[in-house]
Structures are given as C-alpha cells and as structure tokens.
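Each value in this text was obtained by applying a stated rule to the coordinates, not by laboratory testing. In this text, all values refer to a predicted model and were calculated from it rather than measured experimentally. Cβ sites come from the backbone with ideal geometry, for glycine too, and all protein chains shown count toward neighbours.
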Amino acid sequence: MSVLLQTSDLTCVKDDRVLFEDLNLSLTAGQMLLVEGKNGSGKTSLLRILTGLNLPESGDVLWQGEPISEVGPEYYEQVNYVGHHDGIKRDLTCLENLRLVQAMGKPLPIDLDDALDKVNLYRFGDNFVATLSAGQKRRLAMARLVVTEARLWIMDEPFTSLDKASMAMFQQMFEQHLNDGGLIVMTSHHDIEMPDSDVVRLNLSE
Amino acid sequence: MFKWFVKWFHRFGSPPYFYRLAGLWLPWLTGLFTILVVAGLYGGLVLAPTDYQQGESYRIIFVHVPAAWMSMFIYMVMASCGIIILVWRMKLAEVVLSCAAPIGASFTFLALVTGSLWGKPMWGTYWVWDARLTSELILLFLYLGIMGLYGAIDDKRVAGRAVAILAIVGMVNIPIIHYSVEWWNSLHQGPTVTKFDKPSIVWSMLWPLLTMALAFKVYFVISLFQRVRAELLHRERNTRWVEELVKS
Amino acid sequence: MSLSEFFNMGGYAVFVWSSYALTLVLLVLNWFLPYQQHKQNLRKLKRQFRQDNRNNDSRT
Amino acid sequence: MKRLSLSQAFWFLLRRDLLLALRNRSELANPLLFFVLVITLFPLAVGAEPNLLSRIAPGIIWVAALLASMLSLDGIFRSDFEDGTLEQMLLSAHPVPILVLAKVTAHWLVTGLPLLLVAPLLAMMLGLDEDAYGILLLTILLGTPVLSLIGSIGVALTIGLRKGGIILSLLVLPLYVPVLIFSSSAIDVAASGLPATAQLSMMMAFLFLSLSLSPVATAAALKMSMS
C-alpha cells in the first residue's frame with residue numbers, strides 16, 4: 001500500500017532545546033501512529049507540526065509525497081485535528097458548533113444528528129455548550145472528527161476527562177476509521193486496546 | 001550565474017560564516033568611516049560657505065539630513081529582511097531585522113531632535129507640526145512598535161516572523177502616511193516651511209552632505225555587524241560552531 | 001576665520017553644537033553598547049565551556 | 001463529494017460571530033459608551049464655547065471613534081484564540097484570509113456601525129455645522145472598516161502576548177493616521193460649505209486597499225501567533 005503521510009528529517013527545536021532530530025516516519029492507509037514520551041518530549045509539537053500549525057526547524061511533512069506547505073487546501077481537506085483545546089464555543093449550541101465545523105470546506109459524509117448520536121449527545125443538540133460537563137464537551141469535540149470526511153485524524157490526548165465507556169466507544173470509532181482506510185496520529189496517557197489494528201508506536205523520550 | 005548567487009546567498013546567510021566575515025570587515029569599515037566622517041565634517045563645518053539666508057545655523061543640515069535619510073533607509077533594509085524571512089525563513093535575516101531596529105530608531109530620534117534644534121532659530125519654536133517632522137515622528141513610533149513587539153515575544157523565532165510581518169505592513173503604509181501628512185500640512189499651514197527645500201544647493205555644500213550620508217551608511221553597517229555578532233553568539237550558544245569559536 | 005568665530009557659529013553655537021554633540025553621543029552609544037554586549041556574551045560562554053570541561057575532567 | 005462552498009463558509013462565520021455578539025449583549029454597548037464618554041470629556045476640558053467646539057468637533061469625533069475602535073479590537077480574536085476555534089479556522093481547507101475577513105466584518109458590524117447611530121447626536125451636541133452631517137456619516141461608514149481591518153493585523157500579532165494591550169496601540173495608532181487626517185478634514189471642509197470629494201475618494205481608496213491587503217497580513221500573523 002502506498003505511503004500517505006511521511007516526514008523527512010524532521011527536526012524540532014524549542015527554547016534552544018532539541019526535542020527531536022531527523023525524524024523519519026511513514027504512515028499508510030489503515031495505520032495508526034501512537035506517539036509516546038515524557039512530558040515535554042515534544043509530542044504536542046510533533047502533532048502540531050504534522051497539522052502545519054507549527055513549523056519545524058528543518059525537514060518536511062509530506063502528504064502523498066509532496067510537502068504540505070505546497071499541497072495546501074488539498075491537505076487540509078484531509079486533516080481533522082483535536083488538540084488540547086476543544087475548539088468549540090461555549091455560547092453556541094452543540095448543533096451550531098458542528099455546523100460551523102462543516103463550513104470549513106471539508107467533505108461531508110454524515111448528517112449532524114447522526115454525528116451527535118455517534119458520540120451520545122443527541123439529546124443535547126440544542127443545549128448550549130456552556131451547560132455541558134467536561135467529558136461531554138470532549139465528546140462534542142470528538143464529534144468534529146466524523147461530521148466531515150477527513151482521512152487523517154490527529155489527536156492530542158483525546159481521552160482526557162472521558163470515562164471508560166466513552167473511551168471504549170471512541171476506540172471502536174477509531175478502528176472503524178482505520179478499516180475504512182483512514183489514518184490516525186495520536187498521543188495518549190491511557191492504554192490503547194485496539195488489537196485488530198495496525199498500531200505503530202513512536203517513543204520520543206528515547 | 002543565478003545558481004552561483006543562490007549558493008552565495010545561502011552561505012552568506014549561515015551564522016558562522018557571517019559572524020566570521022563581519023569580524024573581518026569591521027576594522028576596515030571603521031577605518032573607512034573615520035576617513036569619511038573627518039572629510040565630511042571638515043567640508044561641512046569649515047569649507048562650506050555661510051548660507052546667506054540662514055547664516056551658520058544651516059550647518060545642522062550635515063547631520064540632520066543624513067540622519068533623516070538613514071531613518072528611511074534602515075526601514076527599507078528591515079522591510080527587505082522581512083520579505084526574506086517570510087519567503088526563505090532565513091535566521092540571519094531575523095537577527096538583522098531585530099538588530100537594525102534600535103539603530104533606525106536612534107537615527108530617527110536624531111533627525112527629530114536636530115530638526116527641532118534647527119527649527120528654533122528658523123521658526124522661533126522648537127516644534128512645529130511641519131510635514132517632515134510629523135512623519136518622522138510617526139516613523140519613530142513605527143520603529144518603537146517593532147522593537148516593542150520583538151521584545152515582548154519570548155520565542156525569538158516567532159518574534160522574528162512577527163516583526164517581519166509588521167515591517168512589511170509598515171513599508172506599505174509609510175508612503176501613504178507620508179503623503180497624507182504632507183497633504184494635511186499643506187492644508188493647515190501656508191508654505192512657510194519650505195525654507196528647508198533649497199531649489200538648488202551649491203556643490204561646496206552638497207559634497208560634505210553626501211560624504212556625511214555615506215559615512216552614516218558605513219556607520220550603520222558597523223553598528224549592525226556589531227549587534228548581529230553579539231546576538232548571533234547569544235542565539236546560537238548551543239551550537240557547535242560557537243563552542244569551537246569560544247574554545248579556540 | 002578665527003577659532004572663536006568658528007565655535008561661535010555666527011551666534012547659533014548652542015543649536016549647531018548641541019546637534020553635533022547629540023549625534024556624537026548616539027553614534028558612540030550605538031557602537032559601544034553592542035561592542036560591550038558582544039564581549040560580555042563571549043566571556044559568559046567561555047566561562048560556561050570552562051565549567052563543562054572541568055566537570056568532564058573531574059569525571060574521567 | 002458534497003462540501004460547503006467558500007461563500008457559505010463566509011456567511012456561516014459572519015453569522016456565528018454576530019450570534020455570539022448578540023448573546024453577550026452587555027459587551028455590545030461598550031465601544032459605543034466609550035465613544036460617548038470621550039466626547040463628553042472634551043467640552044469639560046476645553047470649555048463650552050460654541051464656536052470653539054463646533055470648530056474642533058470633526059477632530060474630537062474622529063479621535064474618539066479611533067480610540068473606541070482600538071479599544072474593541074482585542075475582541076476580534078481573543079475568545080476564539082482561547083477556546084481553540086481559531087486553531088480550527090487556520091486548519092480550514094478554505095483560504096484563511098477570507099475567513100479572517102468574515103470575522104473582521106462581523107466585528108465591524110458590532111463595534112463600528114453603531115457609532116454611525118450616535119454620531120449625529122454627538123455632532124449636534126458639539127454644534128457641528130448641519131451641512132456636514134452627511135459627510136460625517138459617510139466618513140464613519142468608510143473609515144471605521146479601515147480601522148477594523150488595519151487593527152486586525154495588530155491584534156493578530158499580539159494575541160499570544162499576555163500584556164499585548166499597550167503594544168497593540170503602539171503598533172496600530174501610527175497606521176491609523178491617514179484615516180484620521182482624511183476623515184476629519186472631509187468633515188471640516190464640508191462644514192465650511194466646500195465639496196469633500198477628494199477626501200472621500202481617498203478614503204474609498206484606503207478602504208479598498210485595506211480590504212485587499214490586510215486580511216492576508218492578518219492571516220499570516222495569526223499563523224505566526226499560533227505556533
């Protein structure tokens with residue numbers, strides 16, 4: 001299978017400290033990259049470099065063999081990112097939030113109600129986000145992943161403030177995504193139990 | 001030819017190369033500056049004839065006008081660095097941009113103060129809202145803004161890119177600001193201030209002026225190199241070339 | 001032209017000479033401060049590397 | 001595959017920001033209040049002599065409008081920056097400058113346009129010549145969007161800073177100078193019964209220039225601030 005996401009000689013420096021140097025990765029469809037490492041080892045930086053939000057000191061991130069800075073919109077159509085911040089507005093309802101996510105120019109596979117249903121938030125659709133609990137907010141942020149059809153999911157600690165049941169639910173969702181030919185890059189302090197999936201581990205502390 | 005240029009550009013942009021080169025050039029530049037400034041001052045203060053309208057006070061021109069020219073010139077240098085930073089992400093350009101700002105601010109300040117010192121005998125007050133003084137004052141604010149922004153951002157790589165954007169935005173705005181102020185001035189004041197505009201300037205006054213302008217440019221390069229060397233040493237303190245340099 | 005005449009600048013001495021004095025001050029400052037800074041940086045780094053060497057020596 | 005177009009994205013974003021502003025109604029009135037307050041201070045400071053006031057009215061109104069606009073600038077991106085929606089916007093497949101333009105437009109509709117409503121009232125209180133009312137409104141209509149557009153660059157550059165406030169004004173105020181000059185002069189000229197076409201066409205030029213250039217600079221600055 002052809003390689004979709006690749007990094008070539010990626011080096012990241014933050015505050016004069018080299019976080020990682022000459023990192024070469026490649027990910028094919030259906031693969032998941034689990035980034036591990038101590039606090040401050042550069043996990044978040046790596047993820048943000050992959051999204052193009054941060055710039056590496058040197059090296060390139062390649063999508064289908066081309067640097068993402070040159071691919072531009074065609075890459076962003078394929079990327080969904082869930083970072084430390086939920087990226088949802090407190091003063092909007094769940095549905096209004098998701099509608100805005102869809103407006104960002106990525107392909108749309110499913111209906112908003114279905115997406116809410118998938119993350120068990122259907123009945124909160126018209127509630128303001130401010131009234132939701134931290135876990136529910138996180139679930140809404142994760143619903144962003146499915147309202148548009150992006151192949152590459154990049155997630156920074158997606159399981160924070162989620163309970164066991166939700167975690168299992170999302171892992172199932174991830175497996176489904178991988179089976180459909182998607183890619184996942186994520187960091188997590190929690191144990192991942194996805195035995196049927198092709199999981200590549202990268203430890204930045206070593 | 002182009003290939004050669006690109007190669008040279010990259011080599012010139014590498015910190016250790018530039019550091020060494022600047023160190024080699026500094027004594028020569030200092031010598032050149034000394035010659036130019038002595039010649040310029042002698043020509044301006046001694047040889048140039050007394051102005052029949054302004055008497056001796058016009059001799060301020062030999063520092064005022066070159067300083068005002070420098071204030072524009074340095075901003076242009078900074079904006080060019082800004083473009084280089086955004087297009088090629090060259091680290092040296094970030095350092096040059098940030099180091100040029102305080103020098104530019106000094107020259108702008110100098111142009112303002114000498115301008116008002118000239119204004120006192122000419123207009124009878126230290127400050128008039130003359131078009132040139134006003135746009136020079138705004139230019140000073142632009143410089144201070146760049147210095148302030150650079151100082152406020154902790155991550156110097158990010159700060160470098162931020163001031164690059166700001167310098168370019170400023171560059172687009174400077175002509176607009178300048179012409180607005182000029183137009184505003186002509187609206188509110190008569191053409192009383194055109195005393196500065198000499199229709200033609202005699203050669204014996206012109207050559208010291210140009211020599212001083214050149215001396216200031218050389219001085220800018222000296223001061224810039226000095227600053228850039230200090231900053232490079234600080235920024236690259238963890239790299240091998242600095243280690244080798246310090247150990248030797 | 002006598003020397004005192006030259007310094008008098010036709011009665012504009014205060015303005016002319018203070019302009020030139022300020023120029024001198026700014027030029028000297030803009031040269032001296034970076035020079036000082038550079039020397040200080042160099043000194044700081046030298047000390048730092050000497051410290052590193054000592055640590056290495058004592059370890060071996 | 002179906003996806004929403006760029007113009008739809010623009011309207012969505014614009015509508016979202018207006019909706020959010022509407023839901024925080026208390027903040028909506030702040031720039032307006034500030035505008036009125038500053039203008040009230042002037043007669044108290046320079047004296048209530050009608051001739052003097054009517055002569056300096058254009059300047060006062062515009063300085064106040066400028067300060068009010070600057071004070072509200074921080075709101076363009078602040079909450080989006082804090083809750084991570086700005087990050088998502090930068091990852092959009094649409095050109096970011098257009099999205100920035102949507103946000104700035106929303107911000108202007110909320111903070112710049114209301115000035116239009118109270119300006120005649122304040123002009124009346126300052127005794128501005130009645131012939132100049134139309135031009136006053138026109139300058140506000142043309143000038144305040146330029147302030148928002150230029151200001152957005154400054155905000156984007158300083159959004160990541162904890163103490164960005166004073167630096168923001170240092171960055172933005174010099175760039176506001178042309179707008180200030182031409183708008184107050186347009187009113188001045190109109191008050192003395194002359195046509196202000198030249199000034200107004202200059203302001204139109206500023207508006208188009210900043211409409212086309214500043215979103216690009218803002219987008220670049222936002223990208224820089226996020227890293």
*Compute the distance in nm between two label points, each set 7 Å from the Cα along the Cα-to-Cβ direction, one at D:Glu82 and one at A:Arg123.*
3.2 nm
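How would you classify the protein assembly as shown from its alpha-carbon gyration tensor, with a ≥ b ≥ c the square roots of the eigenvalues: rounded for a/c under 1.5, else prolate if a/b is greater than b/c, otherwise oblate?
Oblate, because a/c is 1.5 or more while a/b does not exceed b/c.
Based on the Cβ-Cβ distance from D:Trp11 to A:Ser69, what FRET efficiency comes out when R0 is 25 Å, to the nearest 0.05? Display every interim value, and only then the final one.
Working: r = 29 Å, r/R0 = 1.15.
Once the sixth-power term is evaluated, E becomes 0.30.
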_Run the helix sum for the protein assembly as shown: -39,500 (n - 2.57) per DSSP H stretch of 4+ residues, divided by residue count, reported at 222 nm to the nearest 500 deg cm²/dmol._
-22500 deg cm²/dmol
*asked:* 5 Å is the cut-off here: which amide hydrogens, built 1.01 Å from N in the peptide plane, fall below it relative to A:Val82, excluding neighbours closer than 5 in sequence?
replied: A:Ile154, A:Met155, A:Asp156
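Excluding A:Glu66 itself, calculate the net charge of residues whose Cβ lies under 15 Å from the Cβ of A:Glu66, where each Lys or Arg counts +1 and each Asp or Glu counts -1. Intermediate results must be reported in sequence, preceding the final value.
On the way: positive: none; negative: A:Asp60, A:Glu70, A:Glu74, A:Glu77.
With Lys, Arg at +1 and Asp, Glu at -1, the neighbours total -4.
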*Nearest 10 degrees, 0 to 90: helix D:197-226 Cα axis against chain D principal axis*: 30 degrees
*When only alpha-carbon atoms count, how far does chain B stretch along each of its three principal axes, as whole angstroms with the largest first?*
62, 39, 35
*Simple label model, 7 Å out from Cα along Cβ direction - D:Leu19 to B:Trp8, nm*: 5.9 nm
*With everything on Cα atoms, drop me the angle between helix D:113-126 and the longest principal axis of chain D, reported from 0 to 90° to the nearest 10.*
10 degrees
*Averaged across the residues of B:64-73, what count of C-beta atoms belonging to other chains lies within 10 Å of each residue's C-beta?*
1
*Quick one: which residues, 5+ away or cross-chain, put their amide H under 5 Å from the amide H of A:Gly52? H built at 1.01 Å from N.*
none
*Could you give me the radius of gyration and the Dmax of segment A:65-206, taking only the C-alpha atoms into account and expressing both in angstrom?*
15.2, 47
*Just list whichever of A:Lys164/D:Lys2; A:Lys137/D:Lys2; A:Lys89/D:Lys223; B:Lys7/C:Lys39 have alpha carbons separated by over 29 Å in the model shown.*
A:Lys164/D:Lys2; B:Lys7/C:Lys39
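Checking understanding here: applying a Kyte-Doolittle mean of at least -1.0 and a length along the axis of at least 27 Å (C-alpha), which whole DSSP H helices in chain B pass? Provide the component values of the computation, followed by the final result.
Values: long enough: B:15-41 (36 Å, 1.20); B:61-88 (39 Å, 1.94); B:91-123 (47 Å, 1.02); B:131-152 (31 Å, 1.39); B:156-188 (44 Å, 0.71); B:203-235 (47 Å, 0.81).
The qualifying helices are B:15-41, B:61-88, B:91-123, B:131-152, B:156-188, B:203-235.
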_Can you give me the angle between helix D:6-23 and the longest principal axis of chain D, using Cα atoms only, in degrees from 0 to 90, rounded to the nearest 10?_
60 degrees
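What FRET efficiency, computed as 1/(1 + (r/R0)^6) with R0 = 51 Å and r the Cβ-Cβ distance, is obtained for C:Gln48 and A:Asp163, rounded to the nearest 0.05? Before the final figure, lay out each step's value.
Working: r = 50 Å, r/R0 = 0.98.
Plugging the Cβ-Cβ distance into 1/(1 + (r/R0)^6) gives 0.55.
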*asked:* How large are Rg and Dmax for segment B:108-248 when calculated on the C-alpha trace, in angstrom?
replied: 20.5, 65
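Report the equivalent ellipsoid semi-axes for segment D:105-227 in whole Å, largest first, defined as the square roots of five times the eigenvalues of the gyration tensor built from alpha carbon atoms. Walk me through the numbers before you get to the answer.
Values: eigenvalues 184, 45, 28 Å².
Semi-axes, largest first: 30, 15, 12 Å.
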*Over all Cα pairs of chain D, how is the pair count split among 5 Å bins, expressed in % and running from 0 up to the last occupied bin?*
1, 7, 14, 18, 18, 15, 11, 7, 5, 2, 1, 0, 0, 0
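Using the Cα gyration tensor of chain C, with a ≥ b ≥ c the square roots of its eigenvalues, what is the shape: rounded (a/c below 1.5), prolate (a/b larger than b/c) or oblate (neither)? Present the calculation step by step, with values, prior to reporting the outcome.
Numbers: a/c = 11.30, a/b = 5.81, b/c = 1.95.
Cα axes put chain C in the prolate bin.
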*For chain A, set up a Gaussian network in which alpha carbons nearer than 10 Å are linked by springs, and say which option among A:Ala168, A:Ala150, A:Ala29 fluctuates the most.*
A:Ala168
*Using alpha-carbon pairs under 8 Å, 6+ residues apart, how would you state the relative contact order of chain D in percent?*
26 percent
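Calculate, for C:Val14 and B:Val46, the FRET efficiency according to 1/(1 + (r/R0)^6) with r their C-beta to C-beta distance and R0 25 Å; round to the nearest 0.05.
Details: r = 19 Å, r/R0 = 0.78.
My answer for the efficiency is 0.80.
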*By count of other Cβ within 10 Å, fewest leading, how are A:Arg17, D:Arg162 ordered?*
D:Arg162, A:Arg17
*Out of all DSSP beta bridges with both ends in the protein assembly as shown, state the antiparallel percent to the nearest 5.*
45 percent
*On average, how many beta carbons from a partner chain sit within 10 Å of the beta carbon of a residue in A:95-107?*
6
